[in-house]
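Note sheet for the following structure.
The values are calculated or read from the model by the stated rules, or taken from the named source; none is laboratory data. Worth saying up front: this structure is predicted, and the values here are computed from it rather than measured. Don't worry about glycine lacking a Cβ; one is built from the backbone with ideal geometry, like all the others, and counts go over all protein chains shown. Accessible surface areas use protein heavy atoms only, side chains included; no ligands, DNA or RNA. Shrake-Rupley method; radii C 1.70, N 1.55, O 1.52, S 1.80 Å.
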Amino acid sequence: MRQFLPTSLAAVLLLLVNSALLAQIPTPFWTENFTNGQPAGWTTADESGQGAVWTWCPSPFLGDSDPGCSEIWNTPANGQVPFRATTATTGSMVCDSDDYGDLPQNHISQLTTAPINCSGKSQVFLTFQTHIGVFTLDAEANAVLRVSNNGTTWTSYPLFPGLTTSERWSDNPETPIVNISTVAANQSNVWIQWQWIGNYEYMWSIDDLELYDSDPTPKNDVAISAFFYPASSQVTPASQLPSNIFDFEVNLDNPGTNPQTNITITAYVKDEGGATLHSQEINVPELAPGVADSGFVFPQTYTPNLAPGVYAIGYSVTSDSADQRPLNNEFSRPLVVTNGVFAKETQAEQGYRPSAGGDWAVANYYQMNAGNFDEYKAYLAEFTFSTDPDEIEPQDVEATIYLLKITDDVADDFSDFDGSSLISSSLEIVGITTYEAPDTMVDQLLQNVPINDFNTAEAGVILQPGGRYLLTVEYLDNNADVFHAFNNDVFYFFPSTFIFNSDWNTAGFGGDVNAVLRMYIGLTSTTDEKALPESAFVIAPNPVGQTLRLQLGFEQPTDATITIADLNGRVIHFEDRFDLGNETLQYPLPQLAAGAYLVRIATAEGTLTKKFIKQ
């Protein structure tokens with residue numbers, strides 16, 4: 001018998017659970033959230049003497065409209081939002097490096113607390129919420145925390161490991177936990193300082209400062225630290241999806257102080273309605289404290305056979321202990337199955353270009369399915385970008401688009417790929433077109449450019465079954481200042497977006513930085529060069545209503561690809577079917593507008609294409 005928990009009892013149990021979690025979190029002995037402006041006794045200075053100082057910002061949503069705040073940097077090239085610290089809307093401190101422009105020398109901006117009494121504290125931990133953006137100098141070595149117990153000698157602590165000018169932005173917010181005990185423990189006067197050495201960077205914000213006399217790291221916190229996305233492209237045509245065999249893998253952290261026991265990790269694929277199409281589990285007896293990025297590979301693979309639509313690929317994790325940070329216990333990303341579009345992303349977020357400068361190119365890697373019986377062509381490239389108007393206006397941008405075929409002798413892992421030149425021995429030009437931005441171009445407006453065959457100049461490029469391709473945009477001369485649009489929602493652990501900047505880098509800007517560079521494909525031909533007998537299938541009735549019915553007439557069991565398309569060959573529905581004989585297939589088509597369409601059956605013996613009218 002199914003039992004339900006009375007509401008009052010459920011509320012009591014929830015209160016007890018929350019109270020137990022809160023009891024595990026120590027109480028800070030000192031806090032500052034800048035509600036009342038810059039605190040008394042705090043100082044801000046620029047040791048370079050150029051006046052690039054920290055200021056108090058009443059709310060990050062004010063942006064440049066308030067002289068103490070910084071620009072929000074929600075431009076297409078940066079894709080940021082206002083500072084997300086817990087109490088940011090009641091005040092925070094910010095160093096607006098961009099506001100001071102290109103200085104003759106690097107600024108050395110310092111925000112220093114008044115002395116803080118840490119007497120009787122055998123341990124001292126500092127945690128705060130922060131957000132930084134860099135452009136000229138990396139944050140790893142140049143945006144640091146400094147601590148002193150005499151106001152003269154300082155010990156530095158890094159805050160942003162690995163944050164370079166290529167990645168530019170930290171998390172928003174990022175919440176470091178810094179053990180400053182060696183300098184601050186049992187000291188009656190402790191100064192804490194945020195120092196930024198930079199020049200024409202973006203901004204650095206801090207808020208919600210807390211000092212603890214014990215480690216505030218949660219005791220129980222198992223987290224998904226790396227999400228393995230098994231599809232080769234987040235947006236994939238249904239006809240090409242069978243070339244994907246999904247392997248599932250996930251990395252876990254235990255940033256807590258307690259061992260985590262009896263961990264269950266689940267990998268799943270769900271449809272848009274939440275129904276589970278595939279699921280499997282791994283059980284982990286124990287994960288020790290401090291373990292980071294521990295990888296777990298699932299034993300089963302999954303070969304998707306999915307109709308166009310939106311699906312979810314995800315992982316979840318549970319353990320014996322109540323997790324104090326449950327938001328990192330589940331992670332999922334959409335998979336979009338289309339009629340004829342390849343893409344690595346679903347929307348533009350930020351703009352990137354190589355920090356080294358100079359001519360460059362960006363490419364997305366797409367692979368065709370080797371299994372179906374029909375032939376496809378690439379007929380359109382879609383991409384977008386943004387610019388700094390001081391460098392080049394978006395309406396003035398020009399580029400060259402190439403479709404490059406990767407030669408068959410290149411290894412699957414690209415270990416022998418020749419990246420020495422844009423068109424190297426590992427690549428063959430099969431398609432090309434030029435692009436000139438229209439007068440209506442604005443930042444991140446999607447641009448559609450037809451792809452022409454390199455050898456014949458005809459529209460569209462025939463794609464080889466199983467073929468591997470790089471859809472490429474090249475920016476030369478002044479156009480090298482363009483910020484191509486990227487998205488960082490999905491981390492691909494295999495080649496995805498490539499960057500060329502004197503040579504090819506198959507890792508691009510990183511596995512989670514994927515170019516907005518989409519490829520549209522359709523049927524190569526809507527005529528039958530090697531025709532099947534007319535009896536292979538009959539459309540009855542024709543015109544059709546809400547359902548297309550195909551009466552098949554194969555005398556022997558036959559494998560076939562069935563495609564419904566518009567008159568231009570753009571795919572509306574696709575599927576591979578096996579062991580077909582004398583039978584009737586039905587396809588509901590309520591989404592189709594009234595008009596003329598094609599249905600095509602392709603087998604190893606040939607193809608048969610017929611027109612039908614949708615009423």
**Complete:** Taking the alpha-carbon centre of each part, the distance from the stretch 304-358 to the stretch 551-615 in Å is 32
**Request:** Would you compute, from DSSP H runs of 4+ residues alone, the mean residue ellipticity of the chain at 222 nm, taking -39500 (n - 2.57) per run and dividing by the full residue count, rounded to the nearest 500?
**Result:** -1000 deg cm²/dmol
**Request:** Apply the Karplus parameterisation 6.51 cos²θ - 1.76 cosθ + 1.60, with θ equal to phi minus 60°, to every residue of the stretch 404-420 and state each ³J(HN,Hα) to the nearest whole Hz, in sequence, with x for glycine and proline.
**Result:** 10, 8, 7, 5, 5, 7, 6, 5, 4, 8, 6, 5, 10, 5, 8, x, 6
**Request:** Please work through the chain and write down the cysteines that have no neighbouring cysteine Cβ at a distance under 4.7 Å.
**Result:** Cys95, Cys118
**Message:** Can you give me the long-range amide H partners of Phe228? Hydrogens built in the peptide plane at 1.01 Å from N, cutoff under 5 Å, separation of 5 or more residues or another chain.
**Reply:** Glu249, Asn251
**Request:** Give a residue-ordered list of calculated ³J(HN,Hα) values for the stretch 181-193 (Karplus: 6.51 cos²θ - 1.76 cosθ + 1.60, θ = phi - 60°; whole Hz; x for Gly, Pro).
**Result:** 4, 4, 9, 9, 4, 6, 9, 7, 10, 10, 9, 10, 9
**Complete:** Taking Cα atoms only, helix 7-23 is inclined relative to the longest principal axis of the chain by an angle, in degrees rounded to 10, of 60
**Asked** Can you give the accessible area of Lys530, probe radius 1.4 Å, in Å² rounded to 10?
**Response** 130
**Asked** Which shape class, rounded, prolate or oblate, goes with the stretch 132-206 when its Cα gyration tensor gives a ≥ b ≥ c as root eigenvalues, a/c under 1.5 marks rounded, and past that a/b bigger than b/c marks prolate?
**Response** prolate
**Complete:** Among Lys270/Lys344; Lys270/Lys611; Lys530/Lys611, the pairs whose Cα-Cα distance exceeds 27 Å are Lys270/Lys611
**Prompt:** Over what distance in Å are the Cα centres of the stretch 159-234 and the stretch 108-141 separated?
**Reply:** 9
**Item:** Options Tyr311, Pro173, Val516, ranked by Cα towards positive dipole end of the chain, top entry (Cβ charges)
**Value:** Tyr311
**Asked** Say the dipole of the stretch 361-493 comes from +1 at the beta carbon of Lys and Arg and -1 at that of Asp and Glu; which of Val461, Asn369, Leu404 then lies farthest toward its positive end?
**Response** Asn369
**Item:** the stretch 372-508, relative contact order [Cα under 8 Å, separation at least 6], %
**Value:** 37
**Prompt:** Tell me, what is the per residue accessible area of the stretch 234-345 in Å², probe radius 1.4 Å?
**Reply:** 42
**Message:** Rounded to the nearest percent, how much of the accessible area of the stretch 225-310 (1.4 Å probe, protein heavy atoms only) is carbon and sulfur?
**Reply:** 47
**Request:** Please say if the stretch 192-293 is rounded, prolate or oblate, where rounded means a/c under 1.5 for a ≥ b ≥ c the square roots of the C-alpha gyration tensor eigenvalues, and otherwise the choice is prolate for a/b larger than b/c and oblate otherwise?
**Result:** oblate
**Asked** On average, how much accessible surface per residue is there in the stretch 461-615, in Å², for a 1.4 Å probe, leaving out ligands, DNA and RNA?
**Response** 42
**Evaluated at q = 0.13 Å⁻¹: base-10 log I(q)/I(0), Debye formula over Cα of the chain** = -1.39
**Asked** Can you give the accessible area of Trp360 in Å² (nearest 10), computed on protein heavy atoms with a 1.4 Å probe?
**Response** 0
**Prompt:** To the nearest 20 debye, what charge dipole does the chain have about its Cα centre, counting +1 at the Cβ of each Lys and Arg and -1 at the Cβ of each Asp and Glu?
**Reply:** 1940
**Request:** Determine the shape class of the stretch 340-425: with a ≥ b ≥ c the square roots of the Cα gyration tensor eigenvalues, call it rounded for a/c under 1.5, and otherwise prolate if a/b is greater than b/c, oblate otherwise.
**Result:** oblate
**Asked** Short version: ³J(HN,Hα) in whole Hz for each residue of the stretch 349-358, in order, from phi by Karplus 6.51 cos²θ - 1.76 cosθ + 1.60 (θ = phi - 60°), x for Gly and Pro, what are they?
**Response** 10, 9, x, 9, 8, x, 5, 6, x, x
